[in-house]
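The structure appears right after this line, and notes come after that.
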Amino acid sequence: MDSFNWPVIGHQKIINYLQSVVARKSPNHAYLFYGAPGLGKNLVADLFVKSLFCTSATAKPCGTCTHCRQLAAGIHPDVINLTREEDQKNISVESVRAARSQIQNSSLLNAYKVLFIREAEALSLGASNALLKILEEPSGQTLFIFIAEDLKFLPRTILSRLQVIKFLPVNTDEIEKYLLTQKIERPLARELAAASLGFPGRLWPFIAHPKHFHDHTAKLSLLLQKISSQTNERLRLIEGLAGQSNSETAKNNCREFLSNLLFIVRDSLLLKSGLSSELTYPRLEPDLAFLARRHSLASLVNILMEIRQTRRYLEQNVNPRLALENLVLSF
Ligand SMILES: [Zn+2]
């Protein structure tokens, strides 16, 4: 009987299923792990593949056998990663062809060959067609693992050949329980679980360094104060973030700002609706109260929609400063 060591938060049904596949040594031909970023798709896929190869008689993956070490170092001869070339938007046909010959030439020493397609959305049309051919080939023990955030970019012809494993947000009670096992004090565990919104990936940096969570919320608190201040203060805030440039750094600053703002306005809305127990950041309640008092429910909903719209503008290459200035005038 195999035993396992999979440090994953949530997704128990998926884990039980995949571990039973490992125990029976009978993986299907092709899997698709899909769901929003931060849920743990890549983590689970890696543990699955490591456990398939791991030769240890104790908990899999052991981390010390040759397979585990090669996999951790990214140099396992029977695991191929189909990725985009750097600076390319899509996975090219050439990359698929290269992967195909790698599969055909790889050793026969091990039971499995694995082809990872971690950004399945990035497959070009040509690459999808080329990949479809490999998928249809009777290729012995080749295991295909597709990972995607969204299904709509995957051709149906490919999708129909994959066993789909869907990742959903994890119950925050489950996350809190996990945090308690990591020797995190209950009040902080509760706060972190709420702040995760069911996405364990948001928490890893805070589990390693709880102080980072305090810094993060202090930053949000400061943002709240600035966004609630006089108009010229708000405009100065944007100037500091976006500067004059259209650079990637300015854009990233703006993306982070919008994502933080979204949480703040969402929490203000919850507070205004009398749902303070649902806040993502309960410790910010005193700061949030000001915003909740200043705006009507309808106005907060409008701001929320404006933030989403501003995000889209940013991705459509509207000047970041211009887009954000318009937004902060609404506060
Ligand atoms: Zn091992």
Can you tell me which residues in segment 150-167 are within 30 Å of SER277 (Cα to Cα) and surrounded by fewer than 18 Cβ atoms within 10 Å (Cβ to Cβ)?
LYS166
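Would you check if GLY38 is surrounded by 14 or more Cβ atoms within 10 Å (Cβ to Cβ) and either within 24 Å of ARG161 (Cβ to Cβ) or more than 16 Å from the ligand (Cβ to nearest atom) (or both)?
In short, yes.
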Can you tell me how many residues in segment 168-198 are part of a helix (DSSP H, G or I) and open to solvent by 20 Å² or more (accessible area, probe 1.4 Å)?
14
Looking only at segment 211-252, count how many residues are open to solvent by 50 Å² or more (accessible area, probe 1.4 Å) and not in a loop (DSSP other than H, G, I, E, B).
19
Would you mind stating whether ALA45 is more than 19 Å from THR142 (Cα to Cα) and either touching a residue at least 24 places away in the same chain (Cβ under 8 Å) or within 12 Å of the ligand (Cβ to nearest atom) (or both)?
no
Anything in segment 72-105 that is more than 27 Å from LEU154 (Cα to Cα) and within 16 Å of the ligand (Cβ to nearest atom)? List them, or say none.
ALA72, ALA73, ILE75, HIS76, PRO77
Please list, ordered by first then second residue, the pairs with beta carbon atoms under 9 Å, 6 or more apart or interchain, first in segment 59-87 and assigned by TED's automatic domain parsing to the domain that holds ALA127, second assigned to a strand (DSSP E or B) and within 11 Å of the ligand (Cβ to nearest atom).
CYS68/LYS60
Quick check on segment 50-102: of everything there that is more than 26 Å from the chain's Cα centre (by Cα) and of a type in the set (A, V, I, L, M), which residue is surrounded by the most Cβ atoms within 10 Å (Cβ to Cβ)?
VAL93
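Would you pick out the residues in segment 63-85 that are over 27 Å from SER3 (Cβ atoms) and basic (Lys, Arg)?
Narrowing segment 63-85 to residues over 27 Å from SER3 (Cβ atoms): 80-85.
Listed by number, the list holds a single entry, ARG84.
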So, first residue closer than 11 Å to LEU314 by Cα and at pLDDT 85 or above in segment 235-254, second residue open to solvent by less than 40 Å² (accessible area, probe 1.4 Å) and outside any helix (DSSP H, G or I), Cβ within less than 8 Å, six or more apart or across chains; the pairs are none
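The values are calculated or read from the model by the stated rules, or taken from the named source; none is laboratory data. Quick caveat, the model's predicted, so the values are computed rather than measured. Note that we place each Cβ from the backbone using ideal geometry, even for glycine, and neighbour counts take in every protein chain shown. Ligands, DNA and RNA are excluded from the accessible area calculation, which covers all protein heavy atoms including side chains. Shrake-Rupley method; radii C 1.70, N 1.55, O 1.52, S 1.80 Å.
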